[in-house]
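Structure, as structure tokens:
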Amino acid sequence: MSGNGPPWWEDAVVYEVYPRSFADADGDGVGDLPGLRSRLPYLADLGVDAIWLTPFYPSPLADGGYDVSDYRAVDPLLGTMADFDGLVKDGEAHQIRVIVDLVPNHCSSAHPLFQAALAAAPGSPERARFIFRDGRGRDGELPPNNWKSLFGGLAWTRIAETDGRPGQWYLHLFDTGQPDWNWRNDEVHAFFEQVIRFWLDRGVAGLRVDVAHGIYKDPDLPDEPDPDHLLNPVNAPSAYHHRPELQQLYRSWWAILDSYPADGFPGARTAIGEVWADVPGTLVPYLTSGGLPQVFNFELIVAGWNAAGLRAAIDGVLVLADGSRAPWVIGNHDVPRPASRYRLDEAFEPETINRLVRLGHARAEIGARRARAAALLLLALPGSAYIYQGEELGLPEVTDLPAAARQDPRFRRTHGRLLGRDGCRVPLPWTRGGADFGFSESASPAPSWLPQPPDWGGYSVEAQLGDPDSFLSLYRAALRLRRGHPALGRGTMRWLDGSDAAGNEPGNEQGLLCFAREPGFIFAVNLGTAAAPLPPHRAILLASEPDPVSSDGYLRPDVAVWLSA
């Protein structure tokens, strides 16, 4: 896959950019590509190897840009194609690669091909690109099956035919404005191969594949035995998740990636699949079939804050891959931010955001301490890691956004029962003060598209740059050490159990979790409620807190350290 040596993505640190919330160059309250270009020096100083851009394509924004109406263009609200090309060029100057989001499960209902399907007759080639079916019942008034949308409500919407009569239904596993493509149609395959080559030809280093565990559906569209997922997790293999047909598709895509030169910048092209799974074993076909080069593993997101849960999350993936093909993450644009999520001890689930609201400001300090420790865990594990924008600032989840400001379809389709994902998408603060804390470069910017809390300036880049004990300083130090230490990045690890870890078994009441990376590196985190003895070591290289150990040399609770062995 590479010219000389392992491909860059095996141990890369990738920074996820949500463009609408990163930096605003023109002052309209919405982040854009020119704003991102102006902040590339910040990302270079942070020490990342690549950036992943969530969708910046034209979109009606029914789902934050994941309802794409043109896969080969830039949304005018976010810039121009010249801005994108400039971003790739500027990124190369900073040795930062660009990964773009590919959204193959669904498009926008405004996409020209779906509009052509609406205008065509049942059974037409235009409709065959999507999943249209006649309804059940005497007059077709019932949906074709009992599938539910992952955003709430039915997964089917009935259309009016061109003569005005009620007609067929179309499938949308997400919002009504996101009709699913029919991947059993050859034209859909050809269309997306053209999209993939279009962006690779423009110099991108890879693709992040949205809903990579979906895409194919059982051709018979059978009823779901457990449509509300009361007994089985939503991400378990099903008629619409983890279909075996996926792997042949992904092998064909990897062949496209391999057709581009691996020598020079950006190096071997990659693709990383968003694969949510019920258990780590469900990832096996993705990692053993020669499909996508990488798939996310979200085990650190769903694990509870305890030694047994985190060790199980790590072991569950390490038995499948060394980490290079299953990068680690502790957050992204779909889940509550780590600094808030770790205020809770239990595993993540859709109701987590509601529990955070009920907590109010309680345990905020605990959440921040744990998020700092989790960052050192993330960056010490074998393979590559992804950081979501704002994690390096310790941003909390914004739970008190007014209902009128919320834009996530999950909030709308559940009638407010689930608050949705807007709280982790609030625009970044760059300065201590100002109308939008420096989010915009304009002297008189419009209000940001999601309102920022009044205390946002305290989390800003400006506030943290001069503080050696800040979140930002911790991330910068960790990335600098990771890049220079021979034990970190790709490779293996071994747990320090029993006498190697001062007699503490992982998962015991002290909650000490330790592992070694060769040569000469040890990671330790105390997930218990009392200080715990550290394994034998020479020195502390980095700690998640400025005062990590007690006077007797014990590691304090909710603190992580990098040690030299």
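Given the residues Glu299, Glu224, Glu245, which is the only one that is of a type in the set (D, E, K, R), open to solvent by 10 Å² or more (accessible area, probe 1.4 Å) and within 25 Å of Asn332 (Cα to Cα)?
Glu299
Conditions tested, residue by residue: (1) assigned to a helix (DSSP H, G or I); (2) of a type in the set (Gly, Ala, Ser); (3) open to solvent by less than 10 Å² (accessible area, probe 1.4 Å).
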site: Gly309; (1), (2), (3): yes, yes, no
site: Leu344; (1), (2), (3): no, no, no
site: Arg358; (1), (2), (3): yes, no, no
site: Ala404; (1), (2), (3): yes, yes, no
site: His415; (1), (2), (3): no, no, no
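Looking for something closer than 30 Å to Asp220 by Cα and among the hydrophobic types (A, V, I, L, M, F, W, C) - is there at least one such residue anywhere in the stretch 240-252?
Yes, there is a match, as at least one residue in the stretch 240-252 is closer than 30 Å to Asp220 by Cα and among the hydrophobic types (A, V, I, L, M, F, W, C).
Report, by residue number, each residue of the stretch 518-529 that is modelled with pLDDT under 95 and open to solvent by 50 Å² or more (accessible area, probe 1.4 Å).
Thr529
Can you name every residue in the stretch 360-371 that is surrounded by 24 or more Cβ atoms within 10 Å (Cβ to Cβ) and either more than 19 Å from Val302 (Cβ to Cβ) or in contact with a Gly (Cβ under 8 Å, 6 or more places away or on another chain) (or both)?
Ala371
Tally time: how many residues in the stretch 1-39 are over 24 Å from Ala446 (Cβ atoms) and part of a helix (DSSP H, G or I)?
Result for the stretch 1-39: 3.
So which residues in the stretch 248-290 are surrounded by 15 or more Cβ atoms within 10 Å (Cβ to Cβ) and assigned to a helix (DSSP H, G or I)?
Leu249, Tyr250, Trp253, Trp254, Ile256, Leu257, Pro280, Thr282, Leu283, Pro285, Tyr286, Leu287
When the residues of the stretch 1-58 are filtered to those that are among the aromatic types (Phe, Trp, Tyr) and closer than 28 Å to Ala262 by Cα, which remaining residue is surrounded by the fewest Cβ atoms within 10 Å (Cβ to Cβ)?
Once the filter is applied, the top-ranked residue is Tyr42.
Does the stretch 534-564 hold any residues that are over 33 Å from the mean Cα position of the chain (by Cα) and either within 19 Å of Arg476 (Cα to Cα) or open to solvent by less than 20 Å² (accessible area, probe 1.4 Å) (or both), and which are they?
Within the stretch 534-564, just Pro535 meets the criteria.
Identify, from the list Gly177, Gly164, the residue that is in a loop (DSSP other than H, G, I, E, B) and either open to solvent by 30 Å² or more (accessible area, probe 1.4 Å) or farther than 23 Å from Ala62 by Cβ (or both).
Gly164
The values are calculated or read from the model by the stated rules, or taken from the named source; none is laboratory data. What you see is a predicted model; the values in this text were computed from it and never measured. Because the Cβ atoms are built from the backbone with ideal geometry, glycine has one as well, and the counts that use them run over all protein chains shown. Areas reflect the complete protein model, heavy atoms only, side chains present, ligands, DNA and RNA absent. Shrake-Rupley method; radii C 1.70, N 1.55, O 1.52, S 1.80 Å.
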